[in-house]
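Before any comments, here is the structure.
The values are calculated or read from the model by the stated rules, or taken from the named source; none is laboratory data. Nothing here was measured: the structure is a model prediction, and the numbers come from that model. In this analysis, Cβ positions are derived from the backbone assuming ideal geometry, glycine residues included, and neighbour counts consider all displayed protein chains.
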């Protein structure tokens, strides 16, 4: 969980990070994180012009409500209602990957794109799309749940009834599960030495270290996941023909070349010939800041001025006297 306050020119003036928890504790934790950030930075809550927040799951956009988040156990959380009461300001609630893709579109790897699709492998796999400057939404609900689209003949499910989804085949959790089996069987000695077979200990950096330290079977599993994500890119290109596909998240940050090379190779080999030179697969540039910048910019566009690229120094202390938003 990351909270950042921005001034009216989209310069960050404060930030605070905490671990994410379940739904009831989670929304209270969000409130306390914002309050502590404002308090530590000596920002009067009355000066907050608006809040933008990215949440991990489908969003009822009219109600500002998180409908579900299987990977976190969140279910029907009235995010807008809680935050607007606590801080007495307007609140824009959006899917977290939508926020991240919007941030990359405005400030990062997809600047100037007509259409950008983001695919973010993590515990699950999130997707988002910005089309001609607008986040692509359904009628009153977020969409682009690419992680829950069927991509293989596999039988495992991920938070739903449909098996063989992109998430079950290529998420960080899916890769870690296969890697744990390798460690248990003695086929990934570096991984076993570092993390054993404990799934919760096999994070993105752990997997990257295992590859660096010679675990060829772990590398094979990661390459297979990259191939599967490449097939997902092919599907997206055939449906939307985005000029940019942005890959982000901790897994990509930890193994950018390994994953992007595999995705690009598969995507360019498998798309219809007429589309081969019409898209680029790129890595996200903004890291964790993509979602907070995108959410803040969305709030700014809904409740104030249209978003503009940040100007000048980005250090928090430089602009603390300007009116902040989040």
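Here are the numbers for this structure:
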| quantity | calculated |
| --- | --- |
| Matching strands (runs of 3 or more DSSP E) fully within the stretch 61-173 where at least 3 residues are touching a helix residue (DSSP H, G or I) at 6+ places or on another chain (Cβ under 6 Å) and in the same structural domain as residue 225 (by TED's automatic domain parsing) | 115-121, 125-131 |
| Lone qualifier among 265, 244 - being assigned by TED's automatic domain parsing to the domain that holds residue 115 and out of contact with any strand residue (DSSP E or B) (no Cβ under 7 Å at 6 or more places or on another chain) | 265 |
| Qualifying residue in the stretch 59-68 (condition: under 19 Å from residue 1 (Cβ atoms) and crowded, with 24+ Cβ neighbours inside 10 Å) | yes |
| Some residue of the stretch 167-190 being modelled with pLDDT under 95 and over 19 Å from the mean Cα position of the chain (by Cα) | no |
| Candidate set from the stretch 234-268 (those that are free of Cβ contacts under 8 Å to residues at least 40 places away in the same chain and over 29 Å from residue 209 (Cα atoms)); member that is surrounded by the fewest Cβ atoms within 10 Å (Cβ to Cβ) | 239 |
| Given (1) under 15 Å from residue 83 (Cα atoms); (2) touching a strand residue (DSSP E or B) at 6+ places or on another chain (Cβ under 6 Å); (3) buried (at least 21 other Cβ atoms within 10 Å of the Cβ), number of the condition residue 14 does not satisfy | (1) |
| Residue list for the stretch 190-211, restricted to those being outside any loop (DSSP other than H, G, I, E, B), touching a helix residue (DSSP H, G or I) at 6+ places or on another chain (Cβ under 8 Å) and exposed (fewer than 15 other Cβ atoms within 10 Å of the Cβ) | 199, 201, 205 |
| Residue within the stretch 214-229 that is within 15 Å of residue 104 (Cβ to Cβ) and either modelled with pLDDT under 95 or in a loop (DSSP other than H, G, I, E, B) (or both) present | no |
| Whichever residue in the stretch 288-319 is surrounded by 15 or more Cβ atoms within 10 Å (Cβ to Cβ) and in a loop (DSSP other than H, G, I, E, B) and, among such residues, is modelled with the lowest pLDDT | 310 |
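Let's see how each residue does on (1) surrounded by 19 or more Cβ atoms within 10 Å (Cβ to Cβ); (2) within 21 Å of residue 229 (Cα to Cα):
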| residue | (1), (2) |
| --- | --- |
| 104 | yes, yes |
| 121 | yes, yes |
| 126 | yes, yes |
| 135 | yes, no |
| 140 | no, no |
| 151 | yes, yes |
| 165 | yes, yes |
| 169 | yes, yes |
